[in-house]
Amino acid sequence: MIELFVQFAALSPFAVGGVGAVLPAMQQLAVARQGWMEADEFTQLVAVSQAAPGPNVLVAALVGWKVAGLGGALAALAGFCLPAAALAWWAGGLWERLRRAHPSSRLAHALLPVALGLVAAGGWVVATPGGVDWKTLAIALAAAAVHALTRTNPLWILAAGAAAGVLLL
């Protein structure tokens, strides 16, 4: 359980933009490096954490649960949350001092592409656990385009994607 805490604590500071930013690293840790589970099992845990009410950080607890039961869940969750909370507390104080000294928000604008890239990488890892399926990728890109270019309700886009998946796959 100490190993779970340490491994997840190492991921924590890089969760810029949320847990989605470190999903590739978390999958690499749980699947490739430690061999705790298969890629499809990790994807299922991510899906459960997304579907469950509450914060997405529940994926850390689910991975910990899969590895070492309740103690593993608590160790992984504490390891993931405590360093990030301490860093946020420290950065918040620093940000207030810097904001008073220099009103520019260049740092926030500079971190935006980093956060977006990390979250996109997390989505890619979760969407392609067994490699790239071009039909699924085409459906996802079409859904993203429709969402970006129209005012269509996302639930209709989701339903159309599901129907396309049934028909094409």
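Look at residue 65 and say whether it is among the aromatic types (Phe, Trp, Tyr) and at pLDDT below 85.
Answer is no for this residue.
When the residues of the stretch 107-130 are filtered to those that are in a helix (DSSP H, G or I) and β-branched (Val, Ile, Thr), which remaining residue is surrounded by the fewest Cβ atoms within 10 Å (Cβ to Cβ)?
Residue satisfying both the conditions and the ranking: 114.
Considering every residue within the stretch 75-91, establish whether at least one is open to solvent by 60 Å² or more (accessible area, probe 1.4 Å), modelled with pLDDT under 80 and closer than 22 Å to residue 16 by Cβ.
There is no residue in the stretch 75-91 that is open to solvent by 60 Å² or more (accessible area, probe 1.4 Å), modelled with pLDDT under 80 and closer than 22 Å to residue 16 by Cβ.
Hey, among 46, 31, 16, which residue is among the β-branched types (Val, Ile, Thr) and surrounded by fewer than 18 Cβ atoms within 10 Å (Cβ to Cβ)?
Going through 46, 31, 16 in turn, just one is among the β-branched types (Val, Ile, Thr) and surrounded by fewer than 18 Cβ atoms within 10 Å (Cβ to Cβ): 16.
Could you list, in sequence order, all residues of the stretch 31-82 that are part of a loop (DSSP other than H, G, I, E, B) and either of a type outside the set (Asp, Glu) or under 24 Å from residue 13 (Cβ atoms) (or both)?
34, 35, 36, 37, 52, 53, 54, 55, 56, 57
Pairs, please: C-beta under 6 Å, at least 6 apart or cross-chain, first residue farther than 16 Å from residue 124 by Cα and in the stretch 22-38, second in a helix (DSSP H, G or I) and among the aromatic types (Phe, Trp, Tyr)?
So the pair list comes out as 30/42.
Does residue 143 count as assigned to a helix (DSSP H, G or I), in contact with a Gly (Cβ under 7 Å, 6 or more places away or on another chain) and either hydrophobic (A, V, I, L, M, F, W, C) or closer than 23 Å to residue 46 by Cα (or both)?
yes
Assuming residue 100 fulfils every condition listed in (1) at pLDDT 95 or above; (2) of a type in the set (D, E, K, R); (3) over 24 Å from residue 20 (Cβ atoms) apart from one, which condition is it?
Single failed check for residue 100: (1).
Testing residue 154 on (1) open to solvent by less than 80 Å² (accessible area, probe 1.4 Å); (2) under 30 Å from residue 9 (Cα atoms), one condition comes back false. Which one is that?
Status for residue 154: all satisfied but (2).
Given (1) in a helix (DSSP H, G or I); (2) open to solvent by less than 60 Å² (accessible area, probe 1.4 Å), where does residue 148 come up short, assuming only one miss?
(2)
The values are calculated or read from the model by the stated rules, or taken from the named source; none is laboratory data. Predicted model only: the values in this text are computed from it and were never measured. Every residue, glycine as well, gets a Cβ built from its backbone with ideal geometry; the counts of neighbours run over all protein chains shown. Quick note on the areas: whole protein, heavy atoms, side chains included, nothing else; ligands and nucleic acids left out. Shrake-Rupley method; radii C 1.70, N 1.55, O 1.52, S 1.80 Å.
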